[in-house]
Amino acid sequence: MEFFQGFLNMSGASFAQHMVNGVSLGSLYALIAIGYTMVYGILLMINFAHGDIVMMACYFAYFGITIFHVPWYFTFIGVIVATALLGAIIERMAYRPLRDAPKNSVLISAIGASFLLENLANYLFSGRPMSFPDIPLFSQNIAIGSIKIQAISMVIPVVTIISLLVLLHIVNHTKTGMAMRAVSKDYEIARVMGINIDNVISMTFIIGSALAAIGAIMWGIRYPGITPYLGVMPGLKCFIAAVIGGIGNIKGAVLGGFILGLGEILIVAFFPDLSGYRDAFAFIVLIIILFYRPTGILGERTTEKV
Amino acid sequence: MKNKRDLILSAILLIVLFGASWFANSELDSYIRRIVNLCLIYAIIGLSMNVTNGFAGQFSLGQAGFMAIGAYTVGIFTVPVELRANVFYAVPMNPFIADIQMPVWLALIVGGLLAALVAFLIGTPVLRLRGDYLAIATLGFSEIIRICITNASSFTNGALGIKDIPPLNDVRYIFVVTAITFVFIAALINSSYGRAFKAIREDEIAAEAMGINLYKHKCLAFMISAFFAGIGGGLYGTLLGTVDPKNFLFTLTYNFLLIIVLGGMGSITGSMLGAIIVTAGLEYLRIFDEPLKLFGTMIPLFRPGFRMVMFSALLMACVLFWRHGIMGTREITWSKLIAFCKNPIGFFKRKGAAQ
Amino acid sequence: MKKMMSVILASALAVGLLTGCGGDTKKDDAKSNVIKIGVFLPLTGDNAAGGELELRGIKLANKLHPEVLGKKVELVIADNKSDKAEAASVAARLIERDKVKVLLGSYGSSLSMAAGNIVKNSKVPAIGTSCTNPQVTANNDFYFRACFIDPFQGTVMANYAFKNGARKVAIIQEVSNDYAVGLAKFFKDAFIKLAGPDSIIEVANYQTGDKDFSAILTNIKAMHPDAIFAPGNFTESALLIKQARQLGIKAPFLGGDTWETQEFINVGGADVEGVAFSTAFDREKATTAEAKKFLDEYVKEYKGEPSALSALAYDAYLIAIDGIKRANSTDSVKIRDAIATTKDMEGVTGKTTLDKNGDPIKGAVIKTVRDGKFKYIDFVDVK
Amino acid sequence: MKNILKTKAMTMQFGGVTAVNALEIEINEHEIVALIGPNGAGKTTAFNMITGVYTPTNGAVIYTDAEGQECNITGMKPSEIAKIGIARTFQNIRLFKDLSVYENVIIAKHLHLKSDFMSATLHMPWYNKEQAKAEEKVEELLKKVDLWDMREEKASSLPYGKQRRLEIVRALATEPRLLLLDEPAAGMNPKETDELTVFIKQIRQEYNLTVFMIEHHMELVMEISDRIYVLDFGETIAKGSTEEIQNNKRVIEAYLGVDEDA
């Protein structure tokens, strides 16, 4: 019974605190997962470098505020623009030349891009951690009864929901969004219909990277240590979140993010002895989901035409 | 007969190379020996990765995990019993295994078999997936293996790792293992089963319609790959003399990815070439990490970290500009070699014309 | 495109050949008037911060003590990338290629251990800078070190915790970090001896690179520990402490010598004020003449307060120089024998005497963070 | 005449759409039976159910093996179905593109291999014997169909008509009793179609085959079929001999207004 110790001893206050922690982490995962899912939805490829784009955005913010002393609100806008640009450049360099290549080549190129960004950051900014600039407005603590919440943890879900709504609007109600959906449904036909594929894909990367930048800012405020390998684990986990929800489905990414965030927190809450295995949780969930529902919870089932 | 000639030539080559390894072992300094050994070990793992990724066409990124299993098996079972209390000083070794000691060769085989067993267990859920899903799931499993090793202290000594593994810096030994691996995989690829793997790579649905049991063959390829990755991992462990979970981060797999991409996915001789170029090259690229003086001026570009930037840039350049690598799916065969020796210029001309 | 690639590759190789060959012009070293000392440290990767600080110490020592036996000491510096396989091949390269007489390094015990066999087999002595795991020198006649070891450090912190009234302690360890796991074990053993078998109320784990610790911290908060021992990398530790404070955990945090880096304060900010950790050196305990010299020069050279890592690395260099001097030879084995008998060698971190394992017998300083600076609070001598 | 394959109320639904509804087909030994119908009628879906690519949502597929035993093959794996003697080709050629013609064909012999992978890899004598036999058969087959001279060439480099032929040869190499051809004449010019007609007749004779095919080329269908099934929107709208079908009202209706190249 010792195994369930954590479960039996938990007080109401602790449980509430765990839930708050879970929602806070989950909404952060969700925010980054949206970017993953968007790119996948259009290109049907994992943008392995997404996590590393998040990392680069953190460095941009660091340089803006700490080194150049730009006020944070201006810096954040600058970070979003710079990161979007970075995304477009990566697409141009690493993915566009391989548009007609086999999928595996694209995958390898994506891995290469991710590895290159990490090593480049390591080389340029050194492996020594830098501190994400402290913005008291967001980092202050708020206490509700015995439950403690950092201000940013209340901002993140709001930002996630706003991003989700804006993105849904873009995808469903604008011309660009329509073009994106066309490309994601059938690449060849979209081309024949006169849609400029390259522009649409660039646009996808720009929006995806801008989302990554927003995620990075939120991430940085919540977990303020910046290192070159910062994006690796969040990248993998948010990808997993996107797969759980149904990759390509924007609402699914949010759902997946919350499932993963809450799951990770609650598994440690209920089974403290398993705290060392926490990182394995995401992968185990991924494999279970892929086994029983390969297209994720909200994903459409597809069958290959024979 | 052509086959007989090839067989004899291959045998002669193997003997010559074995002689060379004998020479290397006694004449070269330990630094070079180390690199030669590393080349050979990376070749084993590159070959193993090529079985799944190159021949069966299943893009797996789990090599680091299987290596970990092999390395830990060798580590756990070859450390002399009297030294174990000293190594497992934080959490005592599980009494179940505390008194089992094996010779290296046996531990290597056990490690390989364990890796294959794990591959078999993993294979059931994972091998139904394709493409990027498979890649991410195998990568996930490799991380799960590593996390389990980190936490299962009484077997693996957790993060403290296993020290005092009897070193095996013997080129001959490692050469023999590499040669066996090479011959085995070459023979496998040239058998009916190897052709079945290629069929799956080319078209799963057609392969299945031709009576090839997809699950069985993918699983077979996956297990063989894991087996040799386990053996390679075991040798890697003995070469280092100490293993810990951080050795087997999934980024380790990227080394082998570069090897097979550079050498050519689906080419055995390509994997060998790739392993040599990548390992020796990475060692050579070390100059990028050191301050470089060229014509009396310091070049500020060269400082620690630059080498890995080059490494990753190379991986990308390779995929972008040279997708098929050195060999593509071709092989260096004796017939081609002979044709090349007879007429070096004509050989390439003809090839150019064929393309 | 193919052609371009091959041209690039070929030219890269050619440049490599030119530069590579340039370094290989080494003659018989007996008559040479240079003694080479190899330095292998993590200059990139996870441990880069620590490696860099130690490199400063070694470079400074080399600047102040540039000669021994009338020969110039040349440092050959190599990066082991915080990776064990690299550490091993770098060590082999330094010994075989560069023919170094003594090896210094590394930060991180596992990196040092990876070089252990190479050092032993090629009979070249190595002096660890800040590798505190007892395994580094155990069973290895050629490995020595300048720092104290984890059993001592763990005991020091356990005593400190007990002395300050802690009776129930929670441990949060970086389970994938050998240093943290080792230290946690020795702390636990020592503390149980002091405060009884139930005094360790929880051992929670996290992985290197984790960012979110809210779940384990919420669990621990409900247990109301008197103190939390949390050995680990400075980035993770700083984030951990930050999140603990944010969750309203008031208990003091205790840790090990890895915390003594500026990054720990940078990342942790106001939240790491008041933590306590053991380390090897502080200005307050700078008793020796060498230490004063070191402090002055360090401040002049690097414009900042030196850390214990720099001091230890400086001492490692001194131990090597002292050994060479007493051996009066450039033969590695003779140097090794001389180093093994090091006694009362005056360094920055006090007088160093090596015991039969090759570990120094010296005390530990306990420090805290106050007003964004590391501050000395206590010194614990060897009993 | 002995029955070789029959389907009982075979039905396939995708989501809410019924692609094939309660299909009843009976094929006798040594017959050539055609399945025709407009695009999207569910013909390929029917093939996929018979060969195990899809599991029917309802109904059963019954196969009579060489010993005369009736067995239910519903939901069996494609590879197992290939093993008991049903081979097929694909509407959009699915050759092993990067492999040689020879390799394409000898791969189809893999399913008859009894040696396990270890003895195959170690090239044990019994494996070599099996392999030599297989190679002999492949050589004989390739020579018979005029592909022997091209055996070293990459499958993807063959001209279109040869690719179609190779796909049939590859299916033949599995030594089937029942051969399913999915639009074998698609994209062929009249000359190639004529050759194909002769070829199908020839292999049926030579290997004692039963052929079940989907085809749009009406000339070909009428020329070689013994019987015809007509599908439209998943429903069987007609079956019978060539003359019966040619005069069937519903068939003509179904084809009217449908843009067909036949």
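Values quoted throughout were computed directly from the atomic coordinates according to the rules given, and no laboratory measurement underlies them. Given the structure is predicted, the values throughout are model-derived calculations rather than measurements. Virtual Cβ from ideal backbone geometry, glycine too; neighbours counted across all protein chains shown.
The table below gives the values:
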item	result
0 to 90° range, to nearest 10: angle between helix A:175-185 axis and chain A longest Cα axis	90
Residue-averaged beta-carbon neighbours from other chains (10 angstrom radius) around D:95-103	4
Relative contact order, percent, the stretch A:1-147 [alpha-carbon distance under 8 Å, six or more residues apart]	30
CD proxy at 222 nm, helix term only [per DSSP H run n ≥ 4: -39500 (n - 2.57); per residue of chain B; nearest 500]	-23000 deg cm²/dmol
Charge context of residue A:59, other residues only, Cβ under 14 angstrom, K/R +1, D/E -1	-1
Sum of side-chain charges, residue C:238 neighbourhood, beta-carbon under 13 Å (Lys, Arg +1; Asp, Glu -1)	-4
Within-14-Å neighbourhood charge of residue B:265 [Cβ basis; K, R +1; D, E -1]	+2
Helix runs (DSSP H) in chain B reaching 20 Å along axis by Cα, Kyte-Doolittle at least 0.0	B:2-27, B:30-50, B:63-78, B:104-126, B:131-151, B:171-189, B:214-240, B:268-284, B:306-321
Out-of-range pairs (alpha-carbon distance over 29 Å; input B:218/D:2; C:120/C:292; C:163/C:221)	B:218/D:2; C:120/C:292
Förster radius 25 Å - calculated FRET efficiency between residue B:172 and residue B:102 (Cβ-Cβ, nearest 0.05)	0.75
Shielding of A:220-231 by partner chains, average beta-carbon count, 10 Å	5
Cα-based reach from residue D:144 at 16 Å (exclusive), listing aspartates and glutamates while leaving out same-chain residues under 8 positions away	D:135, D:136, D:167, D:175, D:195, D:206
Sum of -39500 (n - 2.57) over DSSP H runs of 4+, divided by residues of chain D (222 nm, nearest 500)	-10500 deg cm²/dmol
Relative contact order computed over the stretch C:49-125 (Cα-Cα under 8 Å; 6+ residues apart), in percent	28
Separation of the residue A:142 and residue C:302 label points, Cα + 7 Å toward Cβ, nm	4.3
Too-long pairs where the Cα-Cα distance tops 29 Å, listed order kept, from C:211/C:303; D:8/D:137; A:185/C:211; C:71/C:351; C:59/C:334; C:59/C:123	C:211/C:303; D:8/D:137; A:185/C:211
Simple label model, 7 Å out from Cα along Cβ direction - residue B:216 to residue C:337, nm	6.9
Lysines whose Cα lies under 24 Å from that of residue D:6, excluding same-chain neighbours fewer than 8 positions away	D:43, D:77, D:83, D:201, D:239
Excluding exposed DSSP-loop GluC sites (Glu not before Pro) (at most 13 other C-beta within 10 Å), longest clean stretch of chain D	D:153-259
Nitroxide proxy distance, nm - points 7 Å out along Cα→Cβ at residue B:16 and residue C:370	7.6
Amide H contacts under 5 Å for residue C:204, placed H, 5+ residues apart	C:171, C:172, C:173
Gain on full stretching of the segment that runs from residue A:162 to residue A:134 - 0.36 nm per residue minus C-alpha separation	7.7 nm
Other protein chain Cβ atoms within 10 Å, averaged over every residue that makes up B:152-159	4
In degrees, nearest ten, helix D:160-173 long axis to first principal axis of chain D (Cα)	70
The stretch C:165-242: relative contact order in percent, alpha carbon pairs under 8 Å with at least 6 residues between	47
